[in-house]
Amino acid sequence: MHQATIPTRQDAHSRAPSFARWWSNARTSLAWIVVVALGLRLGSVGLLHTYKFRTNDLNFSFGWEMGRIGAAIASGRGFADPFEGHTGLTAWEPPLYPYLIAGVFKIFGIYSLASAFVMLALSSLFSALTCIPIFLIAKRCFGEKVAVASAWTWALLPYVMFWSTKVVWETSLSALLLAFLFLLTLELEEKEGWKPWAMFGFLWGVATLNSTSLLSFLPASGLWVWYRRRQLGKSSLGGIVLASVLFLACNAPWVIRNYNVFGKFIFSRDNFGAELSYGNLDWAEGTCLCFLHPTQNVYAMKQYVTLGELGYVNLRNERSMAFIKARPGRFLWLSIKRFIFFWDGAPKLTKVWWLAETKNSLFLASSVLMLWGLGRALRKGMPNAWLFFWLTLLYPIIYYLLYALPRYRHPIEPILLILGIFLICEAEIKGRPIGSR
């Protein structure tokens, strides 16, 4: 008989260096970080059954307007029907994500469980891949320690997993695209040749087709590249022309389609006037007046069908603009409240009041860490800190005018996370308190 071998303390010590060597390699391995992040997200989708959407709302919670449009495309009706019934062609949403949903519906079935799982798996993949630009941005701007901590935090943090594992929307893809655009903006100052400029224009075109709100960062992104290259004595004119042509070429088919359908220029989507009215009327309090939306209001739906999409949007726009002109002080106060809700979390109607307050407190804490980290970076004169500033300043402006929801902040969460982790790492240096020199 063979006697069982009892592990000795020496064996444990001999294994420890092996693990240490593995971890020293794995902790900075983007492949490992992405694999772990994807595994956690897919595991959450499977174990929590988040792919089982409600069906008592005619599957509207499966992608909402984008899901409806995707179903219409997959059914052969074209880019149409954002709400209940067959209401005709639409430009209520930008085209990229509805077409992605339609492709999944074509293969796996309209509103099927398989399609739901695939869509959440794709969102999980987008979220996991976001670890890559997070790591590269943080390493370039703040060093490897911040890069490793930021990427692993994004991979493991339950809050950022929520949007990729429970929501069929463009949110996770927007975060990935914006993070890569931020990284490319940083890198273009030293890149040569036409390929980086081509990628810059193409990525901005794709981002616009995915989410119109990302456009708010485009002016700062382009001017930053031009200014930084000008400081280095590098020419940018040819690259800017190439990037602009590719950006316009990406969006041209959609613009032409909208002109042919609606008889007017519509760059990305046509529903701004309606969205403006859901946050700016006499009884508004800074949050979305969702009960006015055609999906929740029979009278609004009748108006949409009777007037057509553009007629309905124009009507809502006229009412909201009349309110803003008549009560500019009230509009300013609502905008201030929306600023607070964007960074502190919007009020939630729930029976478990303490849970809502806890979530908002954590939301506020992340905002404080980010702003403090941004201030620290600016105070230290870090060369790329101002690009973080411009993104943080410009991106939320549209939501200060309309209404704020927690989901709207997610596309800039990767950048905010880096700033928060930078602050924490700064606090650990030589045990000094935060903010000390």
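Looking only at residues in region 158-175 that are among the polar types (S, T, N, Q) and within 15 Å of S211 (Cα to Cα), which one is surrounded by the most Cβ atoms within 10 Å (Cβ to Cβ)?
Just the residues of region 158-175 that are among the polar types (S, T, N, Q), to begin with: 164-165, 171-172, 174.
From what is left, the residues that are within 15 Å of S211 (Cα to Cα) are 171-172, 174.
Values: T171: 23, S172: 27, S174: 22.
Ranking the candidates gives S172 first.
Within region 281-313, the residues that satisfy the criterion of being surrounded by 14 or more Cβ atoms within 10 Å (Cβ to Cβ) and either among the small types (G, A, S) or within 24 Å of the chain's Cα centre (by Cα) (or both) are A284, G286, T287, C288, L289, H293, T295, A300, G308. When restricted to residues that are within 19 Å of A175 (Cβ to Cβ) and touching a Lys or Arg at 6+ places or on another chain (Cβ under 6 Å), region 380-416 contains 1. Only a single item in (1) without any contact (Cβ under 8 Å) to a residue 24 or more places away in the chain; (2) of a type in the set (G, A, S); (3) within 22 Å of Y159 (Cβ to Cβ) is not met by A26, and it is number (3). Scan region 119-157 for residues that are within 18 Å of T50 (Cα to Cα), buried (at least 23 other Cβ atoms within 10 Å of the Cβ) and of a type in the set (A, V, I, L, M, F, W, C) and jot them down. Those that are within 18 Å of T50 (Cα to Cα), buried (at least 23 other Cβ atoms within 10 Å of the Cβ) and of a type in the set (A, V, I, L, M, F, W, C): M119, L120, A128.
Counting only helices (runs of 4 or more DSSP H) that sit completely within region 258-344, those holding 2 or more residues that are hydroxyl-bearing (S, T, Y), under 27 Å from L214 (Cα atoms) and at pLDDT 95 or above correspond to 298-326. Taking region 90-149 as the range and being more than 22 Å from the chain's Cα centre (by Cα) and either under 30 Å from G311 (Cβ atoms) or among the aromatic types (F, W, Y) (or both) as the test, the residues that pass are T90, F105, F108, I110, Y111, F142.
Report yes if I101 is in contact (Cβ under 8 Å) with a residue 40 or more places away in the chain, crowded, with 19+ Cβ neighbours inside 10 Å and either in the same structural domain as L416 (by TED's automatic domain parsing) or under 15 Å from G67 (Cβ atoms) (or both), otherwise no. Spelling it out, I101 is indeed in contact (Cβ under 8 Å) with a residue 40 or more places away in the chain, crowded, with 19+ Cβ neighbours inside 10 Å and either in the same structural domain as L416 (by TED's automatic domain parsing) or under 15 Å from G67 (Cβ atoms) (or both).
The values are calculated or read from the model by the stated rules, or taken from the named source; none is laboratory data. These figures come from a predicted structure and were not determined experimentally. Methodologically, a virtual Cβ is constructed for each residue, glycine included, from the backbone with ideal geometry; neighbour enumeration extends over all protein chains shown.
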